[in-house]
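The values are calculated or read from the model by the stated rules, or taken from the named source; none is laboratory data. Just so it is clear, the model here is predicted, and its values are computed rather than measured. Ideal geometry is used to build each Cβ from the backbone, glycine not excepted, and the neighbour counts take in all protein chains shown. Only protein heavy atoms, including side chains, enter the accessible area calculation; ligands, DNA and RNA are left aside. Shrake-Rupley method; radii C 1.70, N 1.55, O 1.52, S 1.80 Å.
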Amino acid sequence: MNLLDHFILQHCQVSLLQGELLRVSREGAMKDAKVEMNLTPRLMEMDAGHKLPAYQVSAKLTCIGGASDESGPAFSAKVGLETVYQQTSGDPLDIAEFTTHHASLARQIYPLLAQELRGLLTHLGLTNIQLPFDLNPGSKKISVSQSEVRSRVH
């Protein structure tokens, strides 16, 4: 089930910007970074007038880069969003069913997180960042709570 067929994004707010650069990298050095996205859904209290539920989804995107030698970059950056999804059609989804299918929201939330992460990494001086702009919708490897994606950074 694709939750985006039954829910609209009603609210989005940046809740976390955290960055740390431990060493300055060599110019042009290519290093690996681990990128992880986590989504945590919660049922919101329903208004008396709403028959369909709304869910808050906390989202975090973390990027950790490092090198075993002293000359490579060592950094961590984390961004977080709080989103609210309101159900607009279908039978009311309970929290168990929403949680089972909440990974379908990743393709809408990821670009918002990635844009904030790019800005944060730029502030850290990591200007040649190669993050994907979208997630592969057919990928069976998307597991928003514990996924790892290898990316390259300069």
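Phi angles across the stretch 81-95 convert, under the Karplus curve 6.51 cos²θ - 1.76 cosθ + 1.60 with θ = phi - 60°, into 3J(HN,Hα) values of 10, 10, 10, 10, 10, 9, 6, 10, 8, x, 6, x, 8, 7, 4 Hz, Gly and Pro given as x. Database remark: amide H of residue 44 closer than 5 angstrom to the amide H of 54, 55, 56 (H placed geometrically; neighbours at sequence offset of 5 or more, or on other chains; Pro and chain starts carry no H).
Using 0.36 nm per residue of separation minus the Cα-Cα distance, give me the extension gain between residue 122 and residue 107 in nm, one decimal.
Values: separation 15, 0.36 × 15 = 5.40 nm, distance 2.30 nm.
Working it through step by step, the gained length comes to 3.1 nm.
Heavy-atom accessible area for residue 94, with the other protein chains in place and a 1.4 Å probe, reaches approximately 90 Å². Placing pseudo-labels 7 Å out from each Cα toward the beta carbon at residue 96 and residue 1 gives an inter-label distance of 1.2 nm.
The HN-Hα couplings worked out from phi for the stretch 120-131 by the Karplus form 6.51 cos²θ - 1.76 cosθ + 1.60 (θ = phi - 60°) are 5, 5, 5, 5, 7, x, 9, 8, 9, 9, 10, 9 Hz, whole numbers, x standing for Gly and Pro. Phi angles across the stretch 4-21 convert, under the Karplus curve 6.51 cos²θ - 1.76 cosθ + 1.60 with θ = phi - 60°, into 3J(HN,Hα) values of 5, 6, 10, 10, 10, 7, 9, 7, 8, 9, 5, 10, 8, 9, 9, x, 8, 10 Hz, Gly and Pro given as x.
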